[in-house]
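The values are calculated or read from the model by the stated rules, or taken from the named source; none is laboratory data. Quantities reported herein were computed from a predicted structural model and do not represent experimental measurements. All Cβ positions, even for glycine, are placed from backbone atoms using ideal geometry, and neighbour counts span all protein chains on display. Calculation scope for accessible area: heavy atoms of the full protein, side chains included, ligands and nucleic acids excluded. Shrake-Rupley method; radii C 1.70, N 1.55, O 1.52, S 1.80 Å.
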Amino acid sequence: MDPGGPVRSLVWGAGAIGGTLGASLARAGHDVTLVDTVAEHVAAVNRSGLTISGPIAAFTAPLPAFTPDTLHGTWDTIILATKAHHTATAVRALLPHLTPAGCVVSAQNGLNELAIAAVVGEARTVGAFVNFGADYLEPGAILYGGRGTVMVGEAFGEPSQRVSPRALAIRDAWRDFDDRAAATPNIWGYLWAKEAYGAMLFATALTNESIADGLARPEYRPLYIALAREILAVTMARGVHPEAFDGFDPAAYVPAAPAGASEQSLDRLVAHNRKSAKTHSGIWRDLAVRKRPTEVDAQLGIVAALGAEAGVPTPLTSAVVQLIHEIERGQRPQGLEALDALAGVMT
């Protein structure tokens, strides 16, 4: 991989995140190929290109797209951008297309580097943290709604080795998508911090409130703070130092934080989300619009399991998982009543 030069990438999962990233890299002159399981999406991209809309950028990028069964060839860099619960299936499918010295970069929400490494090996697994806002609108069309932190780093190996030449090369390429993209020796710190913030997003998705409106409600702030605190307790029990990003400051949620620090962090999260044209989380869209299972088991279920291993109780996190599943099964409507049920676990 040539630092500073064009990067040849295969993007596996061309939805909101993978599509936005892939189209942006292709527009900048990188050699990008898309893979997606939705045949209509693939056909639309091959017919008319992938159209990105929204306040950040508006363009159409012509680039090749395939379904997994029609793809041929191998790549040194495969960007995995599927939903978290599709990770294991996707990694097994992409394995024949990964060169022996290549790597899989997880541009996903969750701790999916663990599942990726179980298939391709730790040496071929690179972590990434992506917090920009995007939505899949229809075949061939994606909304890029708001900028957010973008980080790359080695997920395994010694800390001193985690800002590697290949991570720097990926960072350099991704700066053609967002000029603030950076490399970090502590990618797990970002991923675990996103788990804590993500738990708040799952809580807001129990309702029909926007992210900003949900986080702004004062009556539920003790709940959001308790959720973040619970997950950060698991984070620190595993020896990970969580990192701050886009208004979320993990240090504001620990029990020893100064009075009012967590409320100030929530205010910054509200302000960050009000700037985005993406008003609701992808979790909410899965439940309310696309009527499909969410990533809750892969994102929060794993935290509860890892918490149990570490001897850290996670009753709120487990309750979020249960409530999301009830909505998925049609046993509970989305609404503030669902958030009230979660708050009841605190009492």
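A few points about this structure:
- Strands (runs of 3 or more DSSP E) within segment 119-161 that include 3 or more residues among the β-branched types (V, I, T) and open to solvent by less than 10 Å² (accessible area, probe 1.4 Å): 125-130
- Residue match in segment 93-105 (condition: open to solvent by less than 10 Å² (accessible area, probe 1.4 Å) and assigned to a loop (DSSP other than H, G, I, E, B)): no
- Boolean, L287 is in contact (Cβ under 8 Å) with a residue 60 or more places away in the chain and either in a helix (DSSP H, G or I) or open to solvent by 50 Å² or more (accessible area, probe 1.4 Å) (or both): yes
- Scanning segment 12-61 for residues that are assigned to a strand (DSSP E or B) and surrounded by 20 or more Cβ atoms within 10 Å (Cβ to Cβ) gives W12, V32, T33, L34, V35, L50, I52.
- All conditions in (1) within 27 Å of G239 (Cβ to Cβ); (2) free of Cβ contacts under 8 Å to residues at least 40 places away in the same chain hold for R292, with the sole exception of (1).
- Taking the numbered list (1) under 30 Å from G29 (Cβ atoms); (2) at pLDDT 95 or above in turn, V163 passes all entries but (2).
- Of all residues making up segment 188-240, the number that are more than 19 Å from the chain's Cα centre (by Cα), in contact (Cβ under 8 Å) with a residue 24 or more places away in the chain and part of a loop (DSSP other than H, G, I, E, B): 4
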